[in-house]
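Following: one structure in structure tokens, then a few remarks.
The values are calculated or read from the model by the stated rules, or taken from the named source; none is laboratory data. Since the model is a prediction, treat every value here as computed from it, not as a measurement. Here Cβ is always computed from backbone atoms with ideal geometry, including for glycine, and neighbour counts include all displayed protein chains.
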Amino acid sequence: MKALIKALAHRAGLDVMSLAYSRDYIYDRFLPGALKGHGIQAVIDIGANIGGYGELLRRVGFAGDIHSFEPCSQPFGELARKAAGDPRWHVYQKAASDRSGTAQIHTMVGSELNSFLSLRESSRKMTETGTEDVETVTLDGLDLPIDWSRTFVKIDTQGHDVKVMSGGRNVLRQAALIQSEVSFLPIYQGMPAFDEAIASLKELGFDVIGMFPVSRDSLGRVQEFDCLCVNRNLPR
């Protein structure tokens, strides 16, 4: 029966996959095709943490420039170590936001969960360990040697993505692709809801081409999706 369903879906131009593997799909199949199909030459990696996304990009064959932004000192040290041997992987100890300056970030047991927002509830990895003052910049204020029309912007800032977009309205309208983490069940206080996040993407000219579950709660409900979007206004 599974084979029949997949065959019928394939005939209709659709892919059928287990939800357990759907996030792997974006990385192993969907993302590489999107990067190649849109002629992506540079990736802006906002919320780089310890460099996992940069390593992923190299693993799937992306050979262009990577610009990784991570504000917190502990994960940035690991990020810088991983990028040190790659001349086209550039790292910045800064947070992208809606204004330049400094801000206080909440640090967690799991550093990938560090956020400018406070937790709604704690768990094993989502337990606050302290705060850190970090430098903030806006994407519009950056001077990077890139062609934005051939740039993919990945944003994963634990509830701060909409603020990042607000600080990059001019350059993001020129970008080819954006990946943003959007929330159905907010895990931070004041985290933008799904409809607000999608509205921000659409206002910048982006339409969804793929949504892939990131995390689930104890009932199996999807909390967050990686949302991959294409700029509808760029010439093809």
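Observations
- Scanning segment 86-130 for residues that are modelled with pLDDT of 95 or more, over 17 Å from ASN49 (Cβ atoms) and not small (Gly, Ala, Ser) yields PRO87, ARG88, ASP98, ARG99, THR102, GLN104.
- For segment 159-172, the set of residues classified as more than 23 Å from ALA34 (Cβ to Cβ) and either out of contact with any helix residue (DSSP H, G or I) (no Cβ under 8 Å at 6 or more places or on another chain) or part of a loop (DSSP other than H, G, I, E, B) (or both) consists of GLY159, HIS160, LYS163, GLY167, listed by residue number.
- Answer residue from segment 209-223, given it is under 14 Å from the mean Cα position of the chain (by Cα) and either closer than 25 Å to ARG173 by Cβ or of a type in the set (A, V, I, L, M, F, W, C) (or both) and is surrounded by the most Cβ atoms within 10 Å (Cβ to Cβ) among those: PHE212
- Looking only at segment 60-110, residues that are of a type in the set (A, V, I, L, M, F, W, C), farther than 20 Å from ALA42 by Cα and in contact (Cβ under 8 Å) with a residue 40 or more places away in the chain come to 1 in all.
- Checklist (1) modelled with pLDDT under 95; (2) surrounded by 21 or more Cβ atoms within 10 Å (Cβ to Cβ) applied to PHE69, failing item: (1)
- Note on segment 115-166: residues that are of a type in the set (Ser, Thr, Tyr) and crowded, with 17+ Cβ neighbours inside 10 Å total 6.
- Residues being under 20 Å from GLU70 (Cβ atoms) and charged (D, E, K, R) - total across segment 157-215: 3
- Scanning segment 163-172 finds one or more residues that are modelled with pLDDT of 95 or more and polar (S, T, N, Q).
- Answer residue from segment 50-64, given it is touching a strand residue (DSSP E or B) at 6+ places or on another chain (Cβ under 9 Å) and under 24 Å from GLY167 (Cα atoms) and is surrounded by the fewest Cβ atoms within 10 Å (Cβ to Cβ) among those: TYR53
- When PRO213 is tested against (1) touching a Ser or Thr at 6+ places or on another chain (Cβ under 9 Å); (2) within 22 Å of PHE76 (Cα to Cα); (3) not hydroxyl-bearing (Ser, Thr, Tyr), exactly one condition is not met: (2).
- Qualifying residue in segment 87-95 (condition: buried (at least 17 other Cβ atoms within 10 Å of the Cβ), hydroxyl-bearing (Ser, Thr, Tyr) and not in a strand (DSSP E or B)): no
- Among the residues listed as ASP133, ASP143, the single one being part of a loop (DSSP other than H, G, I, E, B), free of Cβ contacts under 8 Å to residues at least 40 places away in the same chain and either farther than 20 Å from ILE50 by Cβ or not polar (S, T, N, Q) (or both): ASP143
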